């Protein structure tokens, strides 16, 4: 193999250098025309052929939302492919695809697509009432209960109940209800069921038989006619007396400072907020006491008197009261006033209703609301039964 001379190597190098220079010069000449062509294709206000860009957003099922607010866009810079997409709403989880054009900083419109995912964050609505049922009464855990969902509708058949109620044993029972919808939204609530003690109501004595007055004169009867036929037996004249007026049973007599209902008299003291709790704690099976409202019971002051008593203890029978029951209360002079039960509430120690969440503090321990009484006793250490009765 022959070696190339230095002269030939220099010639080849000069040719290569010349080719590179020519390529560089051509790029300088052609580049302005390329830029001008690109500029002519993206004149202000026209849509470019840039690749479609995507945006992903989430919205909540059942709530109408503005497309512009959801994507944080100025409406004057947007052209929607479908103007109906300005307001978006879905009744169930789904995806919506919205095509639009957005003005860029140079005034050109660029194509975009938004993927809106509607999700369900709302748990089912579980509602029920805490109940007080008589001893031995059959109980259905799903009675007086409803479960509705904004997407799935009625979910009562999917409710899971933990806990049991023994209706043959008096006391307070807690049931836990839980349900999950198709979007995995979960809710759980506790329900209080009270099985009331058996209360033996003393029967009233039967009314006395009407007495026959002895001071009424016996009317004379004419002598019986004697017939010619032989008399087999001697006829005995009858005595005719007018019917006596029936006597009314005597009105019940109540002792002073007593609450009387379901045939049971319950003594109380006017302790008020200062001494009421100490009074019942010192004799839980022997006496009740006033606490809130008017400190001294009076059937004519037009105020609420709030009575407290222990359960277990002297106020255990309060659990057996129901709407329409009559409570007769005597004051210190023995004057009686009848009150009719109109509502029964289950509240915590701060007066919050366990069913609705409403606060009943002023209703139960305040003085307003007319001539009425409130009876309070414990169901559990933290749950109280309030019985409201009106004259």
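The values are calculated or read from the model by the stated rules, or taken from the named source; none is laboratory data. Just so we're clear, the structure is a prediction, and the values are computed from it rather than from any experiment. Note: ideal-geometry Cβ built from the backbone for every residue, glycine included; neighbour counts use all protein chains shown.
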When residues of segment 341-358 are limited to those that are in a strand (DSSP E or B) and more than 15 Å from residue 388 (Cα to Cα), the one farthest from the chain's Cα centre (by Cα): 348
Matching residues in segment 138-163 (more than 16 Å from residue 187 (Cβ to Cβ) and surrounded by 11 or more Cβ atoms within 10 Å (Cβ to Cβ)) number 5
Selection from segment 301-310 of residues that are in contact with a helix residue (DSSP H, G or I) (Cβ under 9 Å, 6 or more places away or on another chain) and surrounded by 20 or more Cβ atoms within 10 Å (Cβ to Cβ): 304, 306, 307, 308, 309
Of the residues in segment 273-290, those that are modelled with pLDDT under 95, touching a strand residue (DSSP E or B) at 6+ places or on another chain (Cβ under 8 Å) and not in a helix (DSSP H, G or I) come to 286
Contact list please: Cβ distance under 6 Å, first residue in segment 80-92 and within 10 Å of residue 68 (Cα to Cα), second residue assigned to a loop (DSSP other than H, G, I, E, B), pairs at least six apart or on different chains. 87/64
Considering only segment 144-172, state which residues are without any contact (Cβ under 8 Å) to a residue 12 or more places away in the chain and within 27 Å of residue 385 (Cβ to Cβ). 164
Among the residues of segment 103-110, is any assigned by TED's automatic domain parsing to the domain that holds residue 164, buried (at least 17 other Cβ atoms within 10 Å of the Cβ) and assigned to a strand (DSSP E or B)? no
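Kindly indicate which of 293, 370, 366, 357 is on the phi > 0 side of the Ramachandran plot, surrounded by fewer than 19 Cβ atoms within 10 Å (Cβ to Cβ) and touching a residue at least 12 places away in the same chain (Cβ under 8 Å).
After applying the criteria, what remains is 370.
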Does residue 275 satisfy the criteria of being more than 34 Å from the chain's Cα centre (by Cα) and without any contact (Cβ under 8 Å) to a residue 24 or more places away in the chain? yes
Could you pull out the residue among 298, 322 that is closer than 18 Å to residue 272 by Cβ, out of contact with any strand residue (DSSP E or B) (no Cβ under 6 Å at 6 or more places or on another chain), at pLDDT 90 or above and surrounded by fewer than 18 Cβ atoms within 10 Å (Cβ to Cβ)? 298
From 232, 202, 211, residue being outside the structural domain of residue 382 (by TED's automatic domain parsing), modelled with pLDDT under 60 and within 30 Å of residue 316 (Cα to Cα): 202
For segment 164-176, which residues satisfy the criterion of being assigned to a loop (DSSP other than H, G, I, E, B) and surrounded by 13 or more Cβ atoms within 10 Å (Cβ to Cβ)? 165, 167, 170
Return yes when residue 64 is surrounded by 14 or more Cβ atoms within 10 Å (Cβ to Cβ), more than 30 Å from residue 319 (Cα to Cα) and in contact (Cβ under 8 Å) with a residue 24 or more places away in the chain and no when it is not. no
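Within segment 373-391, how many residues turn out to be in a loop (DSSP other than H, G, I, E, B) and either in contact with a strand residue (DSSP E or B) (Cβ under 8 Å, 6 or more places away or on another chain) or touching a residue at least 40 places away in the same chain (Cβ under 8 Å) (or both)?
2
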